[in-house]
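The next block holds one structure in the form of C-alpha cells; read it before the comments.
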2 protein chains.
Amino acid sequence: MLLNICSSLSFSALPNQKPLKIDVAFTPETIDPLNIYDKSVLIVDILRATSTIVTAIENGASYLIPVNTPEEAFKLYEQLNKNAILGGEIEGKRIKGFHLGNSISEYTSSIVKGKAIIMRTTNGTRAINACKSAKNLVIGCFLNKTACCRYIIELGCDILIVCSGKEGSFGIEDAVFAGACVNVFGQLMSNIEKTDSALACEMMYQQSKSDILGLLRKSEHGKYLINISLEDDLILCAKEDISTVVPIYFEGKIINSDQ
Amino acid sequence: MLLNICSSLSFSALPNQKPLKIDVAFTPETIDPLNIYDKSVLIVDILRATSTIVTAIENGASYLIPVNTPEEAFKLYEQLNKNAILGGEIEGKRIKGFHLGNSISEYTSSIVKGKAIIMRTTNGTRAINACKSAKNLVIGCFLNKTACCRYIIELGCDILIVCSGKEGSFGIEDAVFAGACVNVFGQLMSNIEKTDSALACEMMYQQSKSDILGLLRKSEHGKYLINISLEDDLILCAKEDISTVVPIYFEGKIINSDQ
C-alpha cells in the first residue's frame with residue numbers, strides 16, 4: 001500500500017541534504033503530537049505488545065485495532081457484531097472475557113488468520129494511540145527488526161523511536177531494541193544525526209547484543225513476567241529477524257504494510 | 001556535619017536486610033517530591049552546574065544558594081546586602097549583571113574563598129530545587145565521583161541519581177556519569193538492586209569510560225558549548241576524582257559535607 005513518502009527521491013540520492021535525524025523517546029508520555037506530524041515513528045513494546053502484533057500480522061490476521069481500555073474493547077466488539085478476537089492484558093494477564101492474552105504463542109495462524117483483533121495492552125497500544133498524529137507509524141520488535149528498519153529508511157523522514165516503557169517509566173528492553181535499530185540505520189545510511197538518547201540506546205545495544213534473552217531476563221518487566229510463569233514469552237520475544245512483515249498503523253487499524 | 005543517617009548500623013553489617021535500591025531519573029521533571037523523602041538523592045549536571053559547584057566548594061566557597069531565576073538571584077543579592085557573588089548562565093552564557101558565568105575556570109580560590117555564591121543555571125540548580133524534599137541531597141560530578149559515592153554509601157538509604165538533563169530532555173553526559181556511580185556502588189556493595197534505568201546507565205558508562213572527554217564532545221550539550229567557544233569547560237569537566245569534597249544541600253544552602 002502507498003504511504004506518505006516524505007521525498008519522491010530516495011534519501012541516498014541526495015548527498016547534500018540535511019542529515020536525517022534519529023531520536024528516541026523513552027516513554028510515550030513525553031511525545032508532543034504536534035511534533036511528530038512530519039516524522040516516521042517506530043513504536044516498540046518488546047515485552048510484549050509489538051512482538052505479539054508482529055506475530056499476529058505474520059500469521060495472517062487481517063488487522064488489529066488498538067484500544068486503551070477493556071471497556072472500549074468490549075464496546076467495539078459489539079459494534080463489530082462480535083466478528084473479532086479480543087486480545088490483551090492487564091498486569092500481564094489475560095483480561096476477563098477476552099479470547100487471548102498478550103503471549104505470542106496464542107496468536108497462531110489457526111486462530112488469527114483472516115481475523116480482526118481488538119487489542120488492549122497496558123503500554124504498547126497506549127503508545128500507538130499516543131502517536132496517531134505521526135506521518136508514518138510503524139510497529140517493530142526483534143522479530144522483524146531489519147525488515148522494519150529497511151521499511152522506515154525508504155520513507156525518508158526523520159525518525160523517532162518511541163519506547164512504550166512501563167506505565168510512564170523507563171524499560172530497558174525497549175531502549176536496547178531502539179539501539180539495535182539506531183545501529184542498523186547507521187549501517188545503512190551515511191548522512192544521519194543521532195540525538196543523545198539515540199546514542200545512549202546504541203551503547204546499551206552494544207553492551208547487550210550478544211545475549212538479548214539474558215537482557216530480557218534481567219529487565220524489570222522480564223523478571224515480572226518470569227514471576228507470573230510467562231518466561232517462555234521472553235524466549236519468543238528475543239528471536240531476531242525471523243519475520244519480514246512490517247505492521248503499520250493506517251486509518252485506525254494496524255495492517256500489513258504489504259497489504 | 002551530621003546528616004540523616006537512615007540506619008545506625010552500617011549497610012554491610014546487615015547481610016539479610018532488603019537490598020539497597022539504585023535508581024536513575026533521566027530528568028528532574030519526573031520526580032515526585034513525595035517519593036524521595038526517604039532517599040539519598042545525587043544531583044548531576046556534568047555540563048556544567050554540578051562540576052562548577054564542586055569546584056567552588058573545593059576552592060573554599062562558604063556556601064552556594066541555588067535559585068531558579070535571575071530575578072530571584074538579584075533579589076537575594078540585595079537581601080544579603082550584596083555580600084555574595086552572583087554566578088550562573090542562560091543559554092550557556094553569563095547572565096547580564098552577574099559576576100561569574102558557569103565555567104569551572106572562573107571559580108578560583110582567589111575569587112570564591114570564604115564567599116557566598118548565589119547560583120542560577122538552566123538545569124542543575126532547577127534539579128536541586130526540585131529535589132529539596134529528599135532525605136539527603138548530594139552534589140556530584142566526575143571531579144568528585146568516588147568521594148561522592150563513598151559518602152552516599154555511608155548514608156545507607158536507597159539511592160536515586162537525578163540527571164539534570166536539558167530543559168526536560170535527556171542528556172547523555174549526565175546518564176553516563178550516573179552509570180559510573182552505579183558501577184562504583186556495585187563494586188563497593190554486594191546487596192544492591194539496580195532498576196532498568198540504573199542498568200542502562202551502567203551500560204552507557206561501560207561503552208564510554210575509556211574516553212569521557214570524547215563522550216562530552218559528542219553529546220548534544222557538549223557540541224553546543226564548543227559552538228559558543230567553551231570547549232575548555234569540557235576538558236575540565238571530564239577530569240575524574242581530582243577532588244574529595246562532597247557538597248550537600250542542607251537548610252537552603254549547598255555546603256561542604258565536612259563543614
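The values are calculated or read from the model by the stated rules, or taken from the named source; none is laboratory data. All values reported here derive from a predicted model rather than from experimental measurement. FYI the Cβ positions are ideal-geometry reconstructions off the backbone, even for glycines, and counts take in every protein chain you see.
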Original post:
Can you tell which of B:D174, B:D258 is in contact (Cβ under 8 Å) with a residue 12 or more places away in the chain, out of contact with any helix residue (DSSP H, G or I) (no Cβ under 6 Å at 6 or more places or on another chain) and within 24 Å of B:R94 (Cα to Cα)?
Top reply: B:D174
Subject >> Count of residues meeting criterion [over 12 Å from the mean Cα position of the chain (by Cα) and touching a residue at least 40 places away in the same chain (Cβ under 8 Å)] in segment B:246-255 >> reply: 4
**OP:** Assess whether B:I128 counts as being in a helix (DSSP H, G or I) and under 26 Å from B:P70 (Cβ atoms).
**Re:** yes
**OP:** Just need a number here: residues in segment A:218-246 that are in contact with a Ser or Thr (Cβ under 7 Å, 6 or more places away or on another chain) and surrounded by 14 or more Cβ atoms within 10 Å (Cβ to Cβ).
**Re:** 6
Original post:
Do we find that B:D196 is among the charged types (D, E, K, R) and touching a Cys at 6+ places or on another chain (Cβ under 8 Å) in this structure?
Top reply: no
**OP:** Output yes when any residue across segment B:137-144 is touching a residue at least 60 places away in the same chain (Cβ under 8 Å), part of a loop (DSSP other than H, G, I, E, B) and polar (S, T, N, Q), and no when none is.
**Re:** no
**OP:** Kindly establish whether B:G171 is touching an Asp or Glu at 6+ places or on another chain (Cβ under 7 Å) and surrounded by 18 or more Cβ atoms within 10 Å (Cβ to Cβ).
**Re:** yes
**OP:** Take segment A:54-101 and flag every residue that is basic (K, R) and in a loop (DSSP other than H, G, I, E, B).
**Re:** A:K82, A:K96
**OP:** Could you please find all residues in segment A:183-208 being part of a strand (DSSP E or B) and either surrounded by 14 or more Cβ atoms within 10 Å (Cβ to Cβ) or on the phi > 0 side of the Ramachandran plot (or both)?
**Re:** A:I192, A:K194
**OP:** Answer yes if at least one residue in segment A:146-165 is surrounded by 24 or more Cβ atoms within 10 Å (Cβ to Cβ), in contact with a Cys (Cβ under 6 Å, 6 or more places away or on another chain), outside any strand (DSSP E or B) and within 11 Å of chain B (Cβ to nearest Cβ), and no otherwise.
**Re:** no
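Condition check ((1) at pLDDT below 95; (2) buried (at least 18 other Cβ atoms within 10 Å of the Cβ)) across all residues:
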| site | (1), (2) |
| --- | --- |
| A:P15 | yes, no |
| A:I31 | yes, yes |
| A:I36 | no, yes |
| A:K39 | no, yes |
| A:I46 | no, yes |
| A:T50 | no, yes |
| A:E58 | no, yes |
| A:Y63 | no, yes |
| A:N68 | yes, no |
Original post:
Residues A:D211, A:D233: which one is within 14 Å of chain B (Cβ to nearest Cβ), among the charged types (D, E, K, R), out of contact with any Cys (no Cβ under 9 Å at 6 or more places or on another chain) and part of a helix (DSSP H, G or I)?
Top reply: A:D211
Original post:
Within the set of pairs 6+ apart or on separate chains, which have a first residue in segment A:191-205 that is within 7 Å of chain B (Cβ to nearest Cβ) and among the polar types (S, T, N, Q), a second that is in a helix (DSSP H, G or I) and surrounded by fewer than 21 Cβ atoms within 10 Å (Cβ to Cβ), and C-beta atoms under 7 Å apart?
Top reply: A:T195/B:E220
**OP:** Quickly run through segment B:220-230 and pick out the residues that are in a helix (DSSP H, G or I) and either over 13 Å from B:E91 (Cα atoms) or of a type outside the set (F, W, Y) (or both).
**Re:** B:E220, B:H221, B:G222, B:K223, B:L225, B:I226, B:N227
